[in-house]
Structures are given as structure tokens and as C-alpha cells.
1. Please work out, to two decimal places, the log10 of the ratio I(q)/I(0) at q = 0.15, 0.17, 0.18 Å⁻¹ from a Debye calculation in which every Cα of the protein assembly as shown carries one identical scatterer.
2. Taking the 0 to 90 degree range and rounding to the nearest ten, how far is the long axis of helix A:3-13 tilted relative to the main principal axis of chain A, both from C-alpha atoms?
3. Given the options A:51, A:30, A:80, which has the most mean-square fluctuation in a GNM of chain A, springs set between C-alpha atoms less than 10 angstrom apart?
4. Could you tell me how many degrees, from 0 to 90 and to the nearest 10, lie between the Cα long axis of helix A:19-38 and the main elongation axis, the longest principal axis, of the Cα atoms of chain A?
5. Taking the square root of 5 times each eigenvalue of the Cα gyration tensor, what semi-axes in Å does the equivalent ellipsoid of chain A have, largest first?
6. Pick from B:45, B:25, B:35 the residue whose mean-square fluctuation is largest in a GNM of chain B, springs joining Cα atoms under 10 Å.
7. In deg cm²/dmol, rounded to 500, what helix-only [θ] at 222 nm does chain A give when every DSSP H run of at least 4 residues adds -39500 (n - 2.57) and the total is split over its residues?
8. Taking the Kirkwood radius as the inverse of the mean 1/r across Cα pairs, report the Rg/Rh of chain B.
């Protein structure tokens with residue numbers, strides 16, 4: 001399933017809404033999650049999972065082609081942990 | 001900056017402020033989005049949200065695990081796990097926003 005199919009399904013279930021409003025709603029949800037993480041916050045959706053930010057320490061990397069050492073700065077990366085209910089559902093347990 | 005946790009309520013408020021719907025209906029739409037994604041994944045199908053990321057289901061084979069406390073061997077059955085691969089946009093925004 002891709003974003004547009006998700007919008008389509010929600011629009012079908014809500015015939016009183018314009019498709020462009022459904023698009024805005026779906027975009028708002030995903031944008032809010034990215035926004036929160038870019039401010040260093042967690043987003044916890046019980047039963048589904050939690051989005052959080054993990055810190056990667058700076059390290060000395062190596063250019064695999066030349067073997068040259070390079071400094072890799074500390075950075076923050078997005079992380080998702082699956083919720084218990086969804087994990088169980090994937091395995092047909094709920 | 002102290003870390004905060006956002007929940008469904010915050011997403012509902014964001015939707016409520018963006019579109020002229022009631023709080024109740026906004027909450028239902030947030031739930032509906034989460035449910036469609038979950039249902040699709042539960043069927044073993046991938047969910048690709050452009051400029052957000054991709055959720056995919058991976059099969060893990062059986063292996064022998066060990067109870068770390070007792071050292072006892074326990075079989076771990078084959079199972080399905082979910083992986084999330086963030087989009088470039090998400091990675092960039094998260095990296096830029098948290099820069100020291």
C-alpha cells in the first residue's frame with residue numbers, strides 16, 4: 001500500500017469529506033510525527049509502535065575505496081519500535 | 001530541551017487545527033489511518049508512505065536462543081517482524097533538527 005491508496009481508502013470511508021481534505025489530514029499526521037522527532041521528541045502510538053530519535057556518537061570512519069580515515073560527526077537518526085499488539089498481529093496472535 | 005512524548009491526542013489536535021472538523025472526528029481519522037496501516041501489515045503487505053518512510057514485514061527463521069539467566073537453551077520459532085525504513089526527508093529533518 002502506498003500513500004495515495006491510504007488516502008483513497010480513508011476517502012471512501014468518509015464520503016462527506018473532500019479527497020483533498022483527506023490528503024491534508026493524512027499529510028498532517030505524518031508531518032506531525034516528523035516534526036516531533038526533529039524537535040527531539042518521541043511519538044508513542046499504543047498498539048502500533050513508537051517513533052524516537054537515537055543518537056549516533058561521532059566516530060572515525062574509513063573510505064572503503066581509498067582506506068582513508070574520515071571523521072564522522074555525531075548525528076541523530078529516526079528509530080521505530082513496533083508495538084506489542086501489532087507485533088502479535090503480524091504473527092496471527094491477535 | 002527536554003524530551004516530550006506525543007500521543008494520539010497530539011495528532012488529533014494537529015488534524016483538528018488543520019481541517020475544520022470536530023475533535024471527535026479528528027480522533028477517528030487518526031485512528032483510521034493507524035488501523036489501515038496495521039491491517040495492511042498484518043496481511044504481510046508493505047506500506048510505503050512517500051517522504052515519510054516504508055514499513056515492511058520480514059520473516060525471521062528459527063534459531064536456538066538461550067535464557068541469559070539460567071543458560072538454558074530455548075527454541076525460538078520462526079516469526080514475522082516489522083521494520084521501518086525512514087525516508088531521506090525524515091532522516092534529513094531529524095538530523096538537522098537535533099544538531100548540537
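1. The computed values of log10 I(q)/I(0) come out as -1.00, -1.16, -1.24.
2. Computed tilt is about 20 degrees.
3. A:30
4. 30 degrees
5. 36, 19, 14
6. B:25
7. The helix-only estimate for chain A comes to -12500 deg cm²/dmol at 222 nm.
8. My calculation puts Rg/Rh at 1.11.
Read-outs throughout are calculated quantities, based only on the coordinates presented, and are distinct from any laboratory measurement. Because the structure is a prediction, the values reported are computed rather than measured. Cβ coordinates were reconstructed from backbone atoms using ideal geometry, including for glycine residues, and neighbour counts include every protein chain displayed.
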